[in-house]
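To start, the structure under review is shown below, and the notes come after it.
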Amino acid sequence: MDGVNNKYNIEIEVLTPLSIGAGGEKDWVRGVDFVVDNSRLYKLNLKKLVANGVKIDDLTTYFAKKDEAGIKSRIAGKIENVSDFSMQFPAETDNDIKTFVRNQLSGKPVLAGSSLKGALRSVIFDYLGGKTKDGQDVFGSAVKGDEFMRFIKVSDAEFEETELVNTKIFNLQGSGANWQGGWKKEQHKTENNFSATGFNTVYECIVPQQKGFSSIMFSENRFSNFCETYYSNEIKKLNIELDKVKDKNLNKQKSIEKQIKDLTLLSNLVEDKQNVLDLKDFFAIINKHTKEYLKKERLFFEKYSTDKTDDIIESIDNLLNQIPDDNLYCILKMSAGSGFHSITGDWQFDDYSIDGLDTSKKVSRGLSRGKKSAKSRKIAICNGVF
């Protein structure tokens, strides 16, 4: 602590498979980036392939056709020699492998501070009662200089290794008030019984029990000093402007009145934001948010129960039981598969029941009457745990 910033070193433990995408252009393509042999994925190395006698022209032909069988026949007995590494391949899939972002220098998987901060922002948005898409109603504006998240900084966290994890989409099928749970099998087909393959995606993940280290820094004093005069001064200036245009320019008057209202609302949130900048209070805020979310998810899977939903509920209960009463640590949901209800739109929903679909526009999530809850969930299956 230096009097301006409060910096805390934090340990991060993964509780469920964690995926932070490196971007679609870095996904692994079968028959180009990797081959599968005896239920193991082998990540191919172009230089090693050439060094082991595979001609460039042959490689070009194989890669153009994604000819996995051709590559495997050409490197028979040399698969270990031409690969960077191998990993257990959890399930057959028609999709590319979603890769994990890595530190360009160390090559290790990295939880970017920006990703972690984004997940924290969603929790803070909910805590502050945010209701606008851009969040300016509670966070302020970077353009105006009062954006709250600039008072919080989060560093990257490196981890040691990744594994491949299979995921399936749990999806509701039905219409009107009649909805049933199921598992996505094809683009337009959902079945009651779980199958590990068919419309599944394999992710490169950091798996449970792995740990990394990061730091979080709160500029609590800077925030307090900033708020002490900023809002009162800005509102005072706007009131002077308002007196000048009142009853003379109605549009300008309405604009200034709205600005005064917005700034007043932001000034009323100062105390709540100070709670965020206290680590233990912040942990309590995160745990409350996570607990409420998990309880609603539990009810969702109870209501739309089908094959394997008991396993999902067991996993949710396990997470709920790990949330501490003393808030000495917190449990946070983030990254790939988090879904609509883990981001800033969740304030709209008291529960996650479905009673219809919004077909007025193209949407990837099931929306009921324009703003009801999402009807699908991405479920990771790791070592038999859903």
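Would you tally the residues in the stretch 1-60 being assigned to a strand (DSSP E or B) and either touching a Lys or Arg at 6+ places or on another chain (Cβ under 8 Å) or open to solvent by 70 Å² or more (accessible area, probe 1.4 Å) (or both)? Even if it seems obvious, please write down each step before you answer.
Pass one, the stretch 1-60, residues assigned to a strand (DSSP E or B): 6-13, 18, 21, 28, 30, 34-37, 40-44.
Pick out the ones that are also either touching a Lys or Arg at 6+ places or on another chain (Cβ under 8 Å) or open to solvent by 70 Å² or more (accessible area, probe 1.4 Å) (or both) and you get 7, 9, 11-13, 21, 28, 30, 34-37, 40.
Of the residues in that region, 13 qualify.
Taking the stretch 127-183 as the search range and keeping residues that are within 30 Å of residue 88 (Cβ to Cβ) and in a loop (DSSP other than H, G, I, E, B), which one is most open to solvent (accessible area, probe 1.4 Å)?
If we filter the stretch 127-183 for residues that are within 30 Å of residue 88 (Cβ to Cβ), which is where we start, we get 156-171, 181-183.
Retained after the next criterion (residues that are in a loop (DSSP other than H, G, I, E, B)): 156, 159-162.
Values: 156: 93, 159: 2, 160: 124, 161: 103, 162: 19 Å².
Checking each candidate, the answer is 160.
For the stretch 74-85, filtered to residues that are open to solvent by 40 Å² or more (accessible area, probe 1.4 Å) and touching a strand residue (DSSP E or B) at 6+ places or on another chain (Cβ under 8 Å), the residue that is nearest to residue 202 (Cα to Cα) is 85. None of 199, 194 is more than 30 Å from residue 277 (Cβ to Cβ), open to solvent by 30 Å² or more (accessible area, probe 1.4 Å), free of Cβ contacts under 8 Å to residues at least 40 places away in the same chain and outside any strand (DSSP E or B) except 199. Screening residue 71 with (1) surrounded by fewer than 18 Cβ atoms within 10 Å (Cβ to Cβ); (2) over 27 Å from residue 331 (Cβ atoms); (3) touching a residue at least 40 places away in the same chain (Cβ under 8 Å); (4) of a type in the set (A, V, I, L, M) gives one miss only, at (1).
The condition (being without any contact (Cβ under 8 Å) to a residue 40 or more places away in the chain and either acidic (Asp, Glu) or not in a loop (DSSP other than H, G, I, E, B) (or both)) is satisfied by just one residue among 117, 78: 117. Residues in the stretch 306-358 that are over 22 Å from residue 284 (Cα atoms), part of a loop (DSSP other than H, G, I, E, B) and out of contact with any Lys or Arg (no Cβ under 8 Å at 6 or more places or on another chain) were compared, and the one that is most open to solvent (accessible area, probe 1.4 Å) is 308.
The values are calculated or read from the model by the stated rules, or taken from the named source; none is laboratory data. These numbers come from a predicted model, not from an experiment. A quick note on method: Cβ atoms are made from the backbone with ideal geometry, for glycine too, and the neighbour counts reach across all protein chains shown. Quick note on the areas: whole protein, heavy atoms, side chains included, nothing else; ligands and nucleic acids left out. Shrake-Rupley method; radii C 1.70, N 1.55, O 1.52, S 1.80 Å.
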